[in-house]
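To keep things clear, I will list the structure first and then write my remarks on it.
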Amino acid sequence: MVPSGNYLPSLFIYSAPVSAAGGRSIVLLLLAVVACAGVIWIAFLLWEGSAVARSSDAVGRLLALNEQSKERLRALPPLTIRRTQEFGTKRSYDSADLLALLRQVLLEDEKAIEQEINRRLIPLQSYAVYDREFVALMSFSVGRSSHRRIRPDRFVHIERKIAERRRLPVPVAQADVSFIARYTSPRGRNSYARRLPLSFDQLRYQLNEARRARAELGTVAAARKRERGLMTASMRLSILVRDGSRCQICGISAEHGATLHIDHIHPVSLGGRTEPSNLQTLCDSCNLAKGARVLPR
Ligand SMILES: [Zn+2]
């Protein structure tokens, strides 16, 4: 009667109100069943979780451990150091070694900074103790208790999950260090700033480096002082006699009006020792010429 193009749509239109209503209610029914099952399932999981938590020896012990440890494991607020260094000229600003300046700043306050660093490391050390206790607790107490309505393997599985969730987090030592170098041109036309931020670990590292460098400088300075102290009057005399009171470079002698010096062949500043094999007699001008060559300044 009608082209097939119209046939299907008309069938669809006529049957739609009936079967769509039936289909919708079936879908709704199924959805309701699934939703109910879901709700029951979630309620069951919640019941199961709290049943395990209540009857688990391991969870009970962990909660007690957490309670007695949590204060010690609390991370302190970040160690805050802020310093701004103003530079008078663009040139000094450009050539400034920010890291060296920062190390200087750290050394000025080293006792206080070290104290603050150590305070922030204590929770981490306490955590090592807590962690050992946690592991021991897991291996000795998990599976020791049970619940008459829950399968033992399921009980242990849930016990472990609860314990992992309740395990206290590792405390993080933090620092908020910001070292800023700044230069503002006359009349404030241009402003430049360089910033050097440091994390807690970087701060620790830089403080240690600053101390190491200072200690090294101390030993070098002490060695120089010691070597210079060894240069006694009798040592001078013995070298002069050995060298025949002549400059060992140009050969001029005191009789010709030269002022003679006892020179360290390998300079003390570079680790040279005060001993006859490292000493020589030099005249003023040879000594000056050598000094300029060895220590270019
Ligand atoms: Zn000479």
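All of the numbers you see were taken from the coordinates with simple rules; none came from a lab. Note that the coordinates shown come from a computational prediction; the quantities given were computed from them, not determined experimentally. As a convention, Cβ positions derive from the backbone with ideal geometry for all residues, glycine included, and neighbour counts pool all protein chains shown.
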> Hey, if you put +1 on the Cβ of every Lys and Arg and -1 on every Asp and Glu Cβ in the chain, which of Phe155, Ile42, Leu73 ends up farthest toward the positive end of that dipole?
Replying inline: Ile42
>> For Cα pairs less than 8 Å apart in space and 6+ apart in sequence, what is the mean separation divided by the residue count of region 66-224, i.e. the relative contact order in percent?
In response: 38
> How long are the three semi-axes of the equivalent ellipsoid of region 230-294, in whole Å, if each is the root of 5 times an eigenvalue of the C-alpha gyration tensor, listed from largest down?
Replying inline: 18, 15, 8
>> Using the basic label-point model (7 angstrom from Cα toward the beta carbon), what is the Leu124 to Asp284 distance in nanometres?
In response: 6.1
> Normalised by the residues of the chain, what does the relative contact order come to in percent, with Cα pairs under 8 Å and at least six apart?
Replying inline: 18
> Between Asp176 and Val34, 0.36 nm times their residue separation minus their Cα-Cα distance comes to what?
Replying inline: 45.9 nm
> Using a simple charge model, +1 on the beta-carbon of Lys and Arg, -1 on the beta-carbon of Asp and Glu, nothing else, what dipole does region 230-294 show about its Cα centre, in debye to the nearest 20?
Replying inline: 120
>> Rg over Rh of the chain, using C-alpha atoms and the Kirkwood radius, what does it come to?
In response: 1.41
